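Structure, as C-alpha cells:
The values are calculated or read from the model by the stated rules, or taken from the named source; none is laboratory data. All values derive from a computational prediction rather than experimental measurement. Positions of Cβ are generated from backbone atoms using ideal geometry, with glycine treated the same way; all protein chains shown enter the neighbour counts. Note: accessible area is taken over every heavy atom of the protein model, side chains too, but ligands, DNA and RNA are not part of it. Shrake-Rupley method; radii C 1.70, N 1.55, O 1.52, S 1.80 Å.
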Amino acid sequence: MSSKSELKSGREEHAPHIVDEPPVQTDSTMVPESLATGITYLKAQLPRLSAGPGVYRMIDRRGRPLYVGKARNLQRRVTSYTTPAKLSERLRRMVAETTLLEIVETHTEVEALLLESNLIKRLQPRYNILFRDDKSFPFIRIGEKDRSAGEHRPSRWPRITKYRGNRSAPGRYFGPFASAGAVNRTLNALERAFLLRSCSDSMFASRTRPCLLFQIKRCSAPCVGRITEEDYDALVKQADDFLSGRSATIQRDLARDMEAAADALDFETAAYLRDRIQALAHVQARQDINLPTLDDADVIAAWREGEHTCLQVFFFRAGRNYGNWAYFPRHDRMVETASIISAFIGQFYDNKTPPGLVLISDPVGDADLLSDALSTKAGRRVVLSVPKRGDKRNLMDQARNNARAALTRRLSEDASQRAFLEGVATAFGMDTPPQRIEVYDNSHVSGTNAVGGMIVAGPEGLMKQAYRMFNIKSTDLTPGDDYAMMREVLTRRFSRAIKEDPERRQGTWPDLVLVDGGRGQLRKALDVMAELGIDDVMVVGVSKGPDRNAGLEAFHTPDGRSFSLHPDDAILYFLQRLRDEAHRFAIGAHRARRTKIQTRSSLDGIPGVGARRKRALLNHFGSVRNIERAGLTDLENVNGVSRKVARAIFDWYHTDP
C-alpha cells in the first residue's frame with residue numbers, strides 16, 4: 001500500500017553471493033554483486049518512470065511477484081530503492097531478487113491505493129503484508145414478497161435466512177455478521193420472536209403438516225395455513241424494523257399487547273407475547289460489547305507481541321454488535337503496528353463495503369488517503385478515526401483486550417492440530433478451520449443389534465467425552481439398510497441439538513459432519529439437514545476406494561464435487577484416523593450391545609422368575625429350549641417353583657401375544 005506496508009515473507013532467503021569475484025562498489029557502499037545488479041536494473045528504469053501516481057510490481061527471474069507498492073510519485077519512490085545504505089536487510093534481499101519492474105500509472109493516488117490492495121490479494125507477493133481474507137461474511141436476508149404469486153406459493157410468504165454471496169437476490173439484507181455462529185444465534189432468537197419461516201421453497205411447497213420448528217414455537221407454519229397473510233406480513237415488518245434499529249417501538253408495542261391480553265384474562269396470548277419479548281431481549285443481551293449510539297461502524301483493534309499480531313474486527317450495525325473476527329497477518333518484526341493496520345484496511349475492504357465509520361486502535365500516517373479510498377469504494381463519506389476518550393475509547397479498549405486474548409490462544413494452540421484443521425478447511429472449501437468435527441458410522445451384523453456411532457474431534461484432538469452411541473430403534477427398517485440407519489441417527493442427534501442448544505452457545509454444534517459412505521449416504525444426510533432447517537453445517541461423504549484400499553478414499557461434497565487426496569497427503573492421514581476412530585467406536589458399541597443381548601434369555605421377562613428360580617429351572621431342564629417345551633406338570637415339579645409361577649412360565653411360552 002505504501003512504504004510502510006513492505007514486509008518480509010515467511011522465508012528468510014539470502015541474496016546469492018558470487019565468491020569468485022570481488023564485491024562491486026555502488027554509492028560508496030560495499031554490496032554483493034546480486035544487489036548491485038538489482039540496483040543497476042532499477043536505475044536503468046528510472047528515465048521511463050513518471051512523476052505521477054501509480055502502482056509498481058517487482059518480479060523475480062522466475063516471474064514470481066516479490067512486492068506490490070503504490071506511490072504518489074513513481075520515479076521518486078523507485079529511486080529510494082537504489083541507495084543501499086538506506087535499505088534494510090530485508091529490502092536488500094528484495095532488490096537483489098528483482099529482475100523486472102512493471103508499472104501501472106493511475107490518475108490519482110486513491111486509484112493507486114485501491115489497485116495496490118487488489119493486486120496484493122490476487123498475487124500474494126511474499127514481501128507484502130499478507131492476510132488470509134478469502135472469507136465472505138454472512139448476512140440475514142428477509143425475502144421480497146411476490147404479491148402476484150398464488151396464495152399458497154412460497155414466494156408470497158417471505159422467509160428469513162442466512163445469506164452469503166453478492167446479494168443479487170431481491171430482499172432486505174442486514175449485516176455483515178462476523179461469523180456463522182453470530183448470525184445463527186441472532187436468527188434463532190428472531191425465529192422465536194417473529195415466527196418467520198426459514199425453510200426452503202421446495203420444503204414449504206411439500207408440507208402437509210407443521211414441522212418441528214412450529215412445535216417448538218420457532219415458526220408460524222404459513223405452509224399449512226396456521227397464520228393469515230395479513231398477520232404474517234405484520235411479523236415481516238416487525239422483523240425488518242427490529243433489524244433496522246427500531247427495536248424500542250416493537251418492544252413497547254408487544255408489552256402493551258401483552259398487558260392488554262393479561263387484563264382480558266387471555267393468558268395464552270399473554271404468554272406467547274411474553275416469549276416474543278424475551279427473545280428480542282435476548283438478541284440485545286447477547287451483545288457482549290454494545291454501544292447504542294454507535295449506529296453503523298467497524299472497530300479494528302491491534303495487539304502486538306514481537307513478530308505476532310492479532311487484528312480484531314468488530315461489526316456494529318444499527319447499534320448492535322454483530323460479532324467479531326480475528327486476523328493474524330504475516331509480517332516482519334521491525335514493521336510498525338500502524339503499517340500493519342494501514343495494509344490491513346486496504347486489503348480487508350477490497351471486496352467489502354465499508355460502513356460510514358471505521359474506528360482504529362492506532363493512528364496511521366496515510367489516514368486521509370485511506371479515508372478517501374474507502375469513500376470512493378462505498379460511494380459515500382467514510383470516516384477513519386482513532387477514539388481518544390469516552391464510550392468509543394472504552395469500546396476500543398475492550399476490542400484490544402479481545403485481540404490480546406485471541407493472540408494468546410493462537411500462540412498456545414497445538415501447531416500440528418491447527419495445521420490439520422486448516423488443511424481440512426482448504427480441502428473442503430470451508431471459510432474457516434472447523435472447531436468441531438463429528439464423524440458418523442453404523443455397525444451391525446445382517447441388520448441385527450444395529451448401532452450408530454458418533455466421534456468428535458477439535459483443536460485439542462479427539463474429544464472422547466463427547467462421543468455418542470445410538471441404538472437403532474426403528475422397527476420398520478429393512479435389515480442392513482445403512483441409509484435408513486444413518487437417517488435415524490442424524491435425525492435424533494440434530495433434533496435434540498435444536499431443542500437443547502438452539503442458539504449454539506454450548507459448543508455442541510459441529511462445523512463439519514463426515515458420514516461414512518458415498519453420494520447416496522451424503523444425500524440422506526443432506527435430506528435430514530434440510531428437513532430440520534439446518535443449512536450451515538458442512539456435510540461430506542467419505543467412501544472407501546476400490547477393494548476398500550486405504551489411501552484411495554473419495555470425498556463427496558454437497559456442491560457435487562467428488563475428489564481424492566494424494567496418498568501421501570498428511571490431511572488424508574488425518575481424515576483416515578478420524579474415519580477409523582468412528583469405525584472402531586461403532587464396532588465396539590455393536591459388540592457391547594450384542595454381548596449384552598446374548599447374555600439375556602427369554603426367562604428374563606417372566607414375572608416372578610428371578611435369578612434363583614432361573615438357576616433352578618436351568619439346572620432341572622438343562623436349557624431354555626427345554627423349558628419352552630416343558631408341560632405345566634413338569635414345571636410344577638421344579639424345586640422352588642410354585643403352581644402360580646409354573647402357570648406364568650407356561651403361559652409366557654404358549655399364549656399368543
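A few notes on this one:
- Candidates 353, 376, filtered to the one that is part of a helix (DSSP H, G or I) and open to solvent by 20 Å² or more (accessible area, probe 1.4 Å): 376
- Residues (surrounded by fewer than 20 Cβ atoms within 10 Å (Cβ to Cβ) and either among the aliphatic types (A, V, I, L, M) or more than 11 Å from residue 490 (Cβ to Cβ) (or both)) located in segment 506-531: 506, 507, 508, 518, 519, 520, 523, 526, 529, 530
- Being within 30 Å of residue 71 (Cα to Cα) and either within 27 Å of the chain's Cα centre (by Cα) or open to solvent by 70 Å² or more (accessible area, probe 1.4 Å) (or both) is a property that residue 368 has.
- Of everything listed in (1) surrounded by fewer than 16 Cβ atoms within 10 Å (Cβ to Cβ); (2) touching a Lys or Arg at 6+ places or on another chain (Cβ under 6 Å); (3) polar (S, T, N, Q), the single unmet condition for residue 426 is (2).
- Meets criteria (within 18 Å of the chain's Cα centre (by Cα), under 30 Å from residue 360 (Cβ atoms) and basic (Lys, Arg)) for residue 418: yes
- Residues being outside any strand (DSSP E or B), of a type outside the set (Gly, Ala, Ser) and under 13 Å from residue 581 (Cβ atoms) - total across segment 438-490: 3
- Hits in segment 84-105 (condition: surrounded by 15 or more Cβ atoms within 10 Å (Cβ to Cβ), among the aliphatic types (A, V, I, L, M) and touching a residue at least 24 places away in the same chain (Cβ under 8 Å)): 91, 94, 95, 96, 101, 103, 104
- Test: residue 209 is part of a loop (DSSP other than H, G, I, E, B), free of Cβ contacts under 8 Å to residues at least 60 places away in the same chain and within 23 Å of residue 499 (Cα to Cα): yes
- In segment 589-600 there is at least one residue matching the filter, namely being modelled with pLDDT under 80 and assigned to a loop (DSSP other than H, G, I, E, B).
- Tabulated pairs, segment 455-466, first closer than 16 Å to residue 417 by Cα, second open to solvent by less than 80 Å² (accessible area, probe 1.4 Å) and among the small types (Gly, Ala, Ser), C-beta under 6 angstrom, 6+ apart or interchain: 456/466
- Residue 333 surrounded by fewer than 18 Cβ atoms within 10 Å (Cβ to Cβ), basic (Lys, Arg) and either assigned to a helix (DSSP H, G or I) or at pLDDT 90 or above (or both): no
- Scanning segment 336-350 for residues that are open to solvent by 30 Å² or more (accessible area, probe 1.4 Å) and touching a helix residue (DSSP H, G or I) at 6+ places or on another chain (Cβ under 7 Å), we see that the one that is nearest to residue 386 (Cα to Cα) is 336.
- Residue check for residue 589: touching a helix residue (DSSP H, G or I) at 6+ places or on another chain (Cβ under 9 Å) and crowded, with 19+ Cβ neighbours inside 10 Å: no
- Being in a loop (DSSP other than H, G, I, E, B), of a type in the set (Gly, Ala, Ser), modelled with pLDDT under 85 and open to solvent by less than 40 Å² (accessible area, probe 1.4 Å) is a property that residue 169 has.
- The set of residues from segment 429-471 being of a type in the set (Lys, Arg), at pLDDT 90 or above and open to solvent by 40 Å² or more (accessible area, probe 1.4 Å) comprises just one member, 468.
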